[in-house]
Ligand SMILES: [Zn+2]
């Protein structure tokens, strides 16, 4: 269920994504909050590194050493793109109660992956998931990235499902004349 500060927090995540875009990096931004308290903010930081995702950078920032956070802290992860398998899996290991994302990822998003064949630890998904918050703004950042990137992966049609979703969304929202 959406909460009253979801739009605001996602705005901060979008600002992080815009900072990545300025550096020519795939624009994903992420925020961790507990109620109105912001615990950390981050964005994807390296072009060719599959570990430096916005969420993983953020997890390292917030869950340091012998951290004392627990599920009682009501921590929410905000991210501008539906998390990949690495970030989603890591989130399940951390005391995070809610996941709120902006743009669904038809290519690699794992927020709704089915867990019934998983080992016992992962049979249930103890996280509330809300998708589509400020989706259009996230989509516009991805479109701006696709328009300007010089990365071979994207120029040769990589993640075609994702690229098509970005383009389709923008097309649907173009002004009619
Ligand atoms: Zn990821």
Most mobile listed residue (42, 118, 70) in the chain, GNM with C-alpha springs under 10 Å: 118
For the chain, what is the mean residue ellipticity at 222 nm derived from helices alone (per DSSP H run of n ≥ 4: -39500 (n - 2.57); sum divided by total residues; nearest 500 deg cm²/dmol)? -11500 deg cm²/dmol
With the 8 Å Cα cutoff and a minimum separation of six or more residues, region 39-139 has a relative contact order in percent of 24 percent
Please state the shape class of region 1-94: rounded when a/c is under 1.5, otherwise prolate if a/b exceeds b/c and oblate if not, all from the C-alpha gyration tensor. oblate
For the chain: relative contact order, % (alpha-carbon pairs under 8 angstrom, 6 or more apart): 20 percent
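A short reminder: the numbers here are calculations on the coordinates, not readings from a lab. Predicted model, so just to flag it, every value in this text is computed and none were measured.
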